[in-house]
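First the structure, in the form of structure tokens, and then the observations on it.
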Amino acid sequence: MVKNFKDAMSTINLWLLVRLAIIASGAIGGLWPGIQIDPANLSSLDVVMSSLIFFIVSAVGIFLLLAYGFLAHPKKAREWQPPSWRVNPFKEPLQMFHLGAFYFIASGLAFFLTQILKETNNLKFPLELISCGMGLWLGIHLYVKVFPHNREAPVGGEFNSLKPPLDVNKFRESHAFVLRGSDIETLWHFLQVHGAVVATVRFHDSPERRVSSPQEVIRLENSGKRQIEAMQFTSQTNTRTTPHFRQLEFSNRRSSPIEWEIFGDEENISRLNCELKILIKRLNPWYGKISEMNFFSLMPIGGMMGGLVSYLMVARIEWRFILEQMQMSPALFLGIPLLIIFWLLVPLGLNQLRGTFFPLASFAIGQGKANHQIKETRRLIIIVAFGLLMMMLLLAVYHDASNQ
């Protein structure tokens, strides 16, 4: 019996349990909602129309948001796995929104049950939650049907029989990297096992330079005027029968800063790729997630949060008073386009600051080594200052709430 219990537990997926726990928390929150809704004499038509609007806006909104992500980052978006209950829900947008859809549905159903048991007619809010969740679910699945994904391509069978036994496969990584002298030596010796290696270095204002040893690469100038933009390691092996690395390139491209090619059969390509990925992962700095962040992708979230804050502020003021103020001062209408311009300029400025202090590509060799150390100190100062600012804002909000 104990053995059968262990076998059953081994088949249970951890992420399935995590998803069910989060959804259960939403249902529990719906049973004991913190929101107190005043009784409202709303007709059935008002409730149905409100729920329908939430359903349509959620479905169309999530579809457009995911479509924007696909068009902005097609290579990364093609690797998104379709929604699954047995996958990490915090790793990819599709998984996160899929979990959010069921969270809203569970919370709305529990809230709906609570209102029915209380024999009240406050069904507008729980039905809106259910409609929002169903809209998110529909929009996600429409996106999966419309936009192609590499993970849905068939594997095995007649397709593999059409491929030659030996082929060249290309791989890429989109995370940030810091390439130091010790890293270059490690990579060089690793690649040299499969044949002679030559490095091609591209500078900002000069032609490319080819070097034949890691020591020559480490001694390169890499100053402000002659800053390294890309570095490519190429194998000089001409054999067509032995699996080996063709090339490995590091650059400051945002789409794919690290790319490499491997020649061989499927089994050896998989083995060599895993070995190289272990080395490449070590190059990812502690601020890698900040370097990869695109603040323009946060614009929809910022708009939603700004709309929510505006709604909460306006909800405490009578609409008649707002209209009277606008009639007395038409200049208030100018604030709307100014807010839109500000909303567009903020992510642009944040992206510029991110590229300056948290670069995606850093070649910490030559004079670039000292420059990297200086920026490392500045990065720590920025993080500490940002933490202190957030703490001061939280204290200010707490102090204001306690005084009220």
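The values are calculated or read from the model by the stated rules, or taken from the named source; none is laboratory data. On a predicted model such as this, the values are computed, not experimentally measured, just so you know. Counting neighbours? That spans all protein chains shown, and the Cβs are built from the backbone with ideal geometry, glycine included. Protein only, heavy atoms only, side chains kept; ligands, DNA and RNA dropped before computing areas. Shrake-Rupley method; radii C 1.70, N 1.55, O 1.52, S 1.80 Å.
When Phe233, Phe263 are checked against the criterion of being among the aromatic types (Phe, Trp, Tyr), at pLDDT 90 or above, farther than 17 Å from Ala176 by Cβ and surrounded by 11 or more Cβ atoms within 10 Å (Cβ to Cβ), Phe233 stands alone in meeting it. Condition check: at pLDDT 90 or above and open to solvent by less than 20 Å² (accessible area, probe 1.4 Å). Does His98 satisfy that? For His98, the condition - at pLDDT 90 or above and open to solvent by less than 20 Å² (accessible area, probe 1.4 Å) - is met.
You will find that of Ser251, Ser206, Ser223, the residue that is surrounded by 14 or more Cβ atoms within 10 Å (Cβ to Cβ) and modelled with pLDDT under 85 is Ser223 and no other. Here the condition is being surrounded by 15 or more Cβ atoms within 10 Å (Cβ to Cβ) and over 28 Å from the mean Cα position of the chain (by Cα); of His244, His189, it holds for His244 alone.
For a quick check of your reading: which helices (runs of 4 or more DSSP H) sit entirely within the range 298-404 and have at least 3 residues that are open to solvent by 60 Å² or more (accessible area, probe 1.4 Å), at pLDDT 60 or above and not polar (S, T, N, Q)?
Of the helices (runs of 4 or more DSSP H) lying wholly inside the range 298-404, those with at least 3 residues that are open to solvent by 60 Å² or more (accessible area, probe 1.4 Å), at pLDDT 60 or above and not polar (S, T, N, Q) span 335-357, 367-403.
Looking at Leu113, is it of a type in the set (A, V, I, L, M, F, W, C), outside any loop (DSSP other than H, G, I, E, B) and closer than 30 Å to Phe295 by Cα? No; evaluated as a whole, the condition is false for this residue. Condition check for Ile105 on (1) assigned to a helix (DSSP H, G or I); (2) open to solvent by less than 30 Å² (accessible area, probe 1.4 Å): one failure, at (2). The residue pairs whose first member lies in the range 173-184 and is closer than 18 Å to Asn294 by Cβ and in contact (Cβ under 8 Å) with a residue 24 or more places away in the chain, whose second member is open to solvent by less than 10 Å² (accessible area, probe 1.4 Å) and in a strand (DSSP E or B), and whose beta carbons are closer than 6 Å, counting only pairs six or more residues apart or on different chains, are Glu173/Ile258. Among the residues of the range 71-118, those that are over 30 Å from Ser51 (Cα atoms), out of contact with any helix residue (DSSP H, G or I) (no Cβ under 8 Å at 6 or more places or on another chain) and basic (Lys, Arg) comprise Lys75, Lys76, Lys91. Here Arg151 fits the description: open to solvent by 80 Å² or more (accessible area, probe 1.4 Å) and at pLDDT below 80.
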